[in-house]
Structure formats: C-alpha cells, structure tokens
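Some notes on the structure that comes next.
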Amino acid sequence: MKSKLIILRGNSGSGKTTIAKKLQETLGDGTLLVSQDIVRRDMLHVRDRRGNLSINLIQNIASYGKNICPYVIVEGILGREIYQGMLQDLIQFFDNQADVYYFDLPFAETVKRHQTKDKAHEFGIEKLKAWWLINDKLGVENEIILTEKQSEEEIIMLILDKL
C-alpha cells in the first residue's frame, strides 16, 4: 500500500484540528491522525521549544503509518523554526507523497474561531498572541495556503480533490 501524508499547519484557532478530524472521518478506517497537541501536551507534557521530546514522537508515530495506513494526517501549529527539519524528513520518508497545507488567517479571525470552541476557557487572547507566528509557511514545493475566505467544506473538498 502506498500511503499519502497530509500536513495541516497554522496558528492556534485557525481550524486545523477541526479539519483534520473531519478529514479522518471522511477518509475512513485506517486513517492515522497525529495531533501535535495530543502528543506534546497530553502524552508528554512538554513545552513547545527546540529539541522537545514531541518532535521525534510525532515523526515516529507518523512514520509508523507508512505503507499500513492509506492516509497519515499530521496537524498542529508545528512552527517552522522548531518542526521544519522533522516535517521535511517525513515528506521525504513518504517518498514525497505529501500534501502540505498552511492556514494563513488574520489574528482577529483566529480569536473569533477560538471563542467558539470548547477549550476557549483554557486560554485566552493573551496566550493566542504569545503563540502567534507570522507568515510561518514551511516553504516546501506545492504548499497550499488556506485563508479565512474558505469554508470548512471548501477546505475538505480541496484536500479530497488533491488526493
């Protein structure tokens, strides 16, 4: 089986996790979803900085899915400064069978989206500002930029059409 890697990156509140979960549901059984938040915060409880333990674990979990899962989705803020090397290694490991998406939304839009989520009470605007990464595109070939003008349905259809 040839596996396809799907990488969804962007600032907190941009819609990555929502899209990733809907995509996993749509793609069906055997679709592996690797969420940065779950690995870094829930599994390892480490801070998001260079060399943190989650970098290798995200890569190892995603690598596990190659040739046994039709689709492997990796999603999270995945800031370029910290995760670029690992993500490029993953893309290469998947024989360049990867689609990379970057959610490039204005800060005000991510705040608006964040306020509609269950975890909105966990952190507020100040944390969103502290985590904010400007123009954090990965810079890989064929990276697709997603904007606030695209609905969830349009983004899902775009990803599915590309597969």
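Take the convex hull of the alpha carbons in the range 4-162; its mean projected area over all directions comes to 8.8 nm².
Name the trypsin sites (Lys or Arg not before Pro) in the range 24-131 that are in a loop by DSSP and that have at most 15 other C-beta atoms within 10 Å, would you? Those satisfying the criteria are 47, 49, 50, 117. 3J(HN,Hα) along the range 41-48: 7, 7, 6, 10, 6, 10, 6, 7 Hz, from the Karplus curve 6.51 cos²θ - 1.76 cosθ + 1.60 with θ = phi - 60°, whole Hz, x for Gly and Pro. Scanning residues 5 or more positions from residue 71 or on other chains, those with amide H under 5 Å from its amide H are 4, 32, with H placed 1.01 Å from N in the peptide plane. Taking the Cα centre of the chain as reference, the dipole from Cβ charges on Lys and Arg (+1) and Asp and Glu (-1) amounts to some 420 debye. Projecting the Cα atoms of 52, 107, 147 onto the charge dipole of the range 27-163, computed from C-beta unit charges around the Cα centre, puts 52 farthest toward the positive end.
Compute the Rg to Rh ratio over the range 18-90 from the alpha carbon atoms, using the Kirkwood formula for Rh, and round to two decimal places.
Working: Rg = 12.2 Å, Rh = 12.6 Å.
Rounded to two decimals, Rg over Rh is 0.96.
Please name whichever of 39, 26, 63 sits farthest to the positive end of the charge dipole of the chain, dipole taken about the Cα centre and charges placed at Cβ: Lys and Arg +1, Asp and Glu -1. Among 39, 26, 63, the one farthest towards the positive end of the dipole of the chain is 39.
No value in this document is a laboratory result; all are computed from the given coordinates. None of these values were measured; they are calculated from a predicted model. Heads up, the Cβs are rebuilt from the backbone with ideal geometry, glycines too, and the neighbour counts pull from every protein chain shown.
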